[in-house]
Each structure stands twice: as C-alpha cells, then as structure tokens.
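Everything below concerns the one structure shown next.
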Amino acid sequence: MFDLEQSITAWRQQMRSSGIQTDALLDELESHLREETSRQMRLGAAAPQAFESAVQLLGSARDLHAEFAKERSPAITRWRRWSAIGNGLGLAIYLALQARVLWRAEPSHQEIIVGLMGLAVTLGAACAIWRLAPPVMGRVTNQTVRSWIAVGSGVVGMVWLIAVARFLLPSLVLTPGQFAVVFLWAMFPLIALTAFLVSLEQRQSASVADQRYRQL
Amino acid sequence: MLRKELVAASAEPLILSLLAQDESYGYAIIQEIKARSQNRMEWTDGMLYPVLHRLERKGQIKSRWVEAENGRKRKYYSLKQPGKKALAEHREHWALVHSVLTGFGHQSYV
C-alpha cells in the first residue's frame, strides 16, 4: 500500500545522501513536492503516480545538488582567499625568522638580506598598487581631473626617469648586484604611475562602451 | 519550446517581475510562469529554488515561512528595494535586446 509520508521520508533521505543537507531547503522542496502531488491527484492521478511524477518534475537529487553547489561557491571562494592570505603570512613570517638567524650568524650577508627584503617589499607594494589603482581611479569621474592625473603621471614618470638616469645612477659606485637592486627600486614609481594610467584607460573604455550602449 | 540557455537567463527577471506584483512561494511561481508562457518555458521545478536563494543572498528578495490554512508550510518570497532596482535594469536590458531584434526584422536588404 502506498504511503505518501513514508515516500517523502525516503525522498528526503535520498536528497540528504546526495549532499543537500540543509533542513530549511529540504522543507521548501518537500512543500513543493506535496503541492505538485496533490495537484496531480486533483487532476485524477493515483497517489503513487502523482508522487513519482512530482519527484521527476522536481529534478534528480544530483542535478539539484549541483545547482545549489554553484550558489554556495562565493563562500568557498572567500574561504580560499583567506587560506591564501594565511599561507602567505605564514611563509612571510618563516622567511623573516630565517633571515634573522642568518643575519646574526653571518654579518657579511647582511647587505644581501636587506637588499632582498627591500626587493620583496617593492614587489609587494607594486602588486598592491596594481590591485588598488582601478577601484580608486574608478571613483574619479570628473573628466578634467582624470586628464590631469594622466598628464601628471606621465610628467612625473619622465622627470623621475631622467633624474635617475642622469643624476642618481652615475653618482653611485655600485657592484652589479647593487646596481640591479637600485635599478629595480628606481623603476618602482614608474610601475605605480603606469598602474594609474592603465586603470584610467580601463575605466575610460568601460564608460565609453556604456555610453554607446545607452544611446542605442 | 524555449532554449535552455534562454530560460536560465530569463529566470531572474521573470521571478522579480512576478514578485513585483505580490509575494509568492516557489510552487506558485512555477505554476504562474508555466501558465503565462503557455507551458512553452519548461522549467525543471527544482531549478527555481537555487535562483530564489541566489536572489535572496544578493538582497533583492526576502523570505518568510507561512502556515497555510490546510496546515501546510510555505516559504513566501517578496521583493526588496534592491530587487526593484535590479528588475528595472533587467527590463531595460531585455527591452534593448528586443528593440535590436525587431529592428533587424523590419529592415529590408537590397
């Protein structure tokens, strides 16, 4: 003899075993199942067939779980981001401790350690600026201000480049290694200014596309 | 029968439009959309719920459990202010697609 309650319990178990664990969600789907079953019975179907067909219409447990899993993905992405930050911090602390040990043991390596740390900080700051420049530049909507930022970035970059090449580098007596480090540091302001220019450009093309779209 | 991709793309605007009229629950939403499309928009019933939950997560709709007179529990969804804004945007976008499409229809090629 067909028992609707029993069939629903079995269906819930099947849903749970394929990964849909949330009670509230199962309640909602069950409510749907009951509505559809009774609609089909009102149309004249026998209870077992009505229930079967309602389950089919609702979709397989696997498909449903896959759909809901897509919905949950932002939380997973957030979790991954935090774990990446955690791992990065751990690595940084480990390297700092190792550098401290080396610093004490080998005074002759101190210069290299400072150089490497300086490079790491420079690279980190450059990455951060590339990451942060687009949202910051996106807030500047005034076209005149944007133009001035673009022109200003270009001028400052040129002046800095000339100052480094003409005055800074010739006045220093450097080993090739030191030269490489100083050169990379000298490039840092240029990286930052390019980031601003590129993000201005990106926003510009986005807003042009937007305007065109509005005209249609 | 409508293509699956089109059904999926239109799910959010359709649900928002429906909820803009009055609050409703999953089963009724599906029935309404099936009826209005003369059954030509085939939804797998269960696929509605992930969309509803997504809209709720985005803060465009909100939900509450209500006990019907027959003792059955139903989860009612209703539109929030950001949902109204999102709906206006959806309408604008679909109107654009529609106008481009009909524009091509009327154009005669020499």
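Are any residues in the range B:27-56 in a helix (DSSP H, G or I) and away from chain A (no Cβ under 14 Å), and if so, which ones?
Correct list: B:Arg36 only.
Restricting to the range A:7-65, what's the tally of residues that are assigned to a loop (DSSP other than H, G, I, E, B), small (Gly, Ala, Ser) and crowded, with 16+ Cβ neighbours inside 10 Å?
Residues that pass the stated criteria total 2.
Report yes if some residue within the range B:12-26 is under 15 Å from the mean Cα position of the chain (by Cα) and at the interface with chain A (Cβ under 10 Å from one of its Cβ atoms); otherwise report no.
Yes; the residues of the range B:12-26 include at least one that is under 15 Å from the mean Cα position of the chain (by Cα) and at the interface with chain A (Cβ under 10 Å from one of its Cβ atoms).
With respect to B:Ala88, is the statement that it is more than 13 Å from chain A (Cβ to nearest Cβ) and under 25 Å from B:Arg3 (Cα atoms) true?
Criteria met by B:Ala88.
Being outside any helix (DSSP H, G or I), among the aromatic types (Phe, Trp, Tyr) and open to solvent by 60 Å² or more (accessible area, probe 1.4 Å) is the filter here; which residues of the range B:57-110 pass it?
B:Trp65, B:Tyr109
Restrict the check to the range A:71-86 and report whether at least one residue is crowded, with 17+ Cβ neighbours inside 10 Å, of a type in the set (Asp, Glu), free of Cβ contacts under 8 Å to residues at least 12 places away in the same chain and within 11 Å of another protein chain (Cβ to nearest Cβ).
No, the range A:71-86 has no match at all.
Test each condition in (1) surrounded by 20 or more Cβ atoms within 10 Å (Cβ to Cβ); (2) within 24 Å of B:His93 (Cα to Cα) for B:Met41 and report the one that comes out false.
With (1) surrounded by 20 or more Cβ atoms within 10 Å (Cβ to Cβ); (2) within 24 Å of B:His93 (Cα to Cα) applied to B:Met41, the lone miss is (1).
With the requirement that a residue be among the β-branched types (Val, Ile, Thr) and either touching a residue at least 12 places away in the same chain (Cβ under 8 Å) or touching a strand residue (DSSP E or B) at 6+ places or on another chain (Cβ under 9 Å) (or both), what does the range A:141-172 give you?
Across the range A:141-172, the qualifying residues are A:Ile149, A:Val156, A:Val164.
Here is a yes/no grid of residues against (1) exposed (fewer than 13 other Cβ atoms within 10 Å of the Cβ); (2) charged (D, E, K, R); (3) in contact (Cβ under 8 Å) with a residue 40 or more places away in the chain; (4) more than 14 Å from chain B (Cβ to nearest Cβ):
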{"position": "A:Gly90", "(1), (2), (3), (4)": "yes, no, no, yes"}
{"position": "A:Glu106", "(1), (2), (3), (4)": "yes, yes, no, yes"}
{"position": "A:Gln110", "(1), (2), (3), (4)": "no, no, no, yes"}
{"position": "A:Ile113", "(1), (2), (3), (4)": "no, no, no, yes"}
{"position": "A:Gly124", "(1), (2), (3), (4)": "yes, no, no, yes"}
{"position": "A:Ile129", "(1), (2), (3), (4)": "no, no, yes, yes"}
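Scanning for something of a type in the set (Asp, Glu) and in contact with a strand residue (DSSP E or B) (Cβ under 7 Å, 6 or more places away or on another chain), does the range A:15-27 turn up at least one residue?
Yes: one or more hits.
Just the residues that are of a type in the set (Lys, Arg) and within 14 Å of chain A (Cβ to nearest Cβ), please, taken from the range B:1-11.
B:Lys4 - this is the single residue of the range B:1-11 that is of a type in the set (Lys, Arg) and within 14 Å of chain A (Cβ to nearest Cβ).
It is to be established whether one or more residues within the range B:64-75 are without any contact (Cβ under 8 Å) to a residue 40 or more places away in the chain, within 21 Å of B:Ala20 (Cα to Cα), acidic (Asp, Glu) and within 14 Å of chain A (Cβ to nearest Cβ).
no
What do you reckon, is A:Leu33 of a type outside the set (Val, Ile, Thr) and modelled with pLDDT under 90?
No, not satisfied.
Just to be sure, is A:Thr144 more than 25 Å from the chain's Cα centre (by Cα), more than 29 Å from A:Leu95 (Cβ to Cβ) and either hydroxyl-bearing (Ser, Thr, Tyr) or loosely packed, with under 12 Cβ neighbours inside 10 Å (or both)?
Answer is yes for this residue.
The values are calculated or read from the model by the stated rules, or taken from the named source; none is laboratory data. It should be emphasised that the depicted structure is a prediction, and the values quoted were computed from it without experimental measurement. Cβ: placed from backbone, ideal geometry, glycine included. Neighbour counts: every protein chain shown. The protein model used for the area step is the full one, side chains on, heavy atoms only, and it has no ligands, DNA or RNA in it. Shrake-Rupley method; radii C 1.70, N 1.55, O 1.52, S 1.80 Å.
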